[in-house]
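Data block below; observations after.
The values are calculated or read from the model by the stated rules, or taken from the named source; none is laboratory data. Just so you know, these numbers come straight off a predicted model, no measurement behind them. When we count neighbours, we look across all protein chains shown, and the Cβ atoms used for this are built from the backbone with ideal geometry, even at glycine.
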Amino acid sequence: MRWALLAAALVAPASADAQRLLFAGGQWAALDRGGSCEAASRALRVAPRGKPQARAGFAFDAAGPRRGQFFAELSSPPRAGSTVILTVGTRPFLLVAQGRWVWSRAPAQDLAIIAAARAAGGMRIESRDASGRRMADRYLLDGAPTAIDAAAAACAGKTAAR
């Protein structure tokens, strides 16, 4: 039941006609969005009504450069010039930020983040908000490895079919 709510929350923002649920389990879901696939989860803290829900995931393109790129929409935008750190288990990763969105820095970092996610139980994204207060979005990684594999396989299959 919990995975069904997660899947519904992740599917809702995108257009319904171009997506398909590939996997849902634990705290993660894998979605086929046509030209791209993603493994994603929402933050443990539920957003107040009217505010966007923080979410994170890994993006794959069927015929593009993304092969597991880490991304996240934060619960609030970080203060201009502040660093944004993803910590997976005990491993820290410096992210690139633009508004509420953050991304991994390079394909090698993507591989390291995925490897860490396979071995860890949780992750958090930390920064400072516009007021200078520390903010953190936390995620469980239960179901992440299978969701990542499902998203990667779905997009790899599209490339092979061409």
**Prompt:** Across segment 30-82, what is the number of residues that are surrounded by fewer than 16 Cβ atoms within 10 Å (Cβ to Cβ) and within 15 Å of A147 (Cβ to Cβ)?
**Reply:** 0
**Request:** Output the number of the condition that S82 fails; it satisfies all remaining conditions of (1) under 15 Å from the mean Cα position of the chain (by Cα); (2) touching a residue at least 12 places away in the same chain (Cβ under 8 Å).
**Result:** (1)
**Complete:** Of the residues in segment 115-162 that are among the hydroxyl-bearing types (S, T, Y), modelled with pLDDT of 95 or more and not in a helix (DSSP H, G or I), the one that is farthest from R20 (Cα to Cα) is S127
**Odd one out for L21, checked against (1) within 15 Å of the chain's Cα centre (by Cα); (2) surrounded by fewer than 21 Cβ atoms within 10 Å (Cβ to Cβ); (3) modelled with pLDDT of 95 or more; (4) under 24 Å from A150 (Cα atoms)** = (1)
**Request:** Might you let me know whether segment 88-98 holds any residue that is surrounded by 15 or more Cβ atoms within 10 Å (Cβ to Cβ) and of a type in the set (S, T, Y)?
**Result:** no
**Asked** How many residues does segment 85-114 hold that are of a type outside the set (K, R) and not in a strand (DSSP E or B)?
**Response** 13
**Asked** In segment 29-84, which residue that is more than 13 Å from D110 (Cβ to Cβ), part of a loop (DSSP other than H, G, I, E, B) and among the basic types (K, R) is modelled with the lowest pLDDT?
**Response** K51
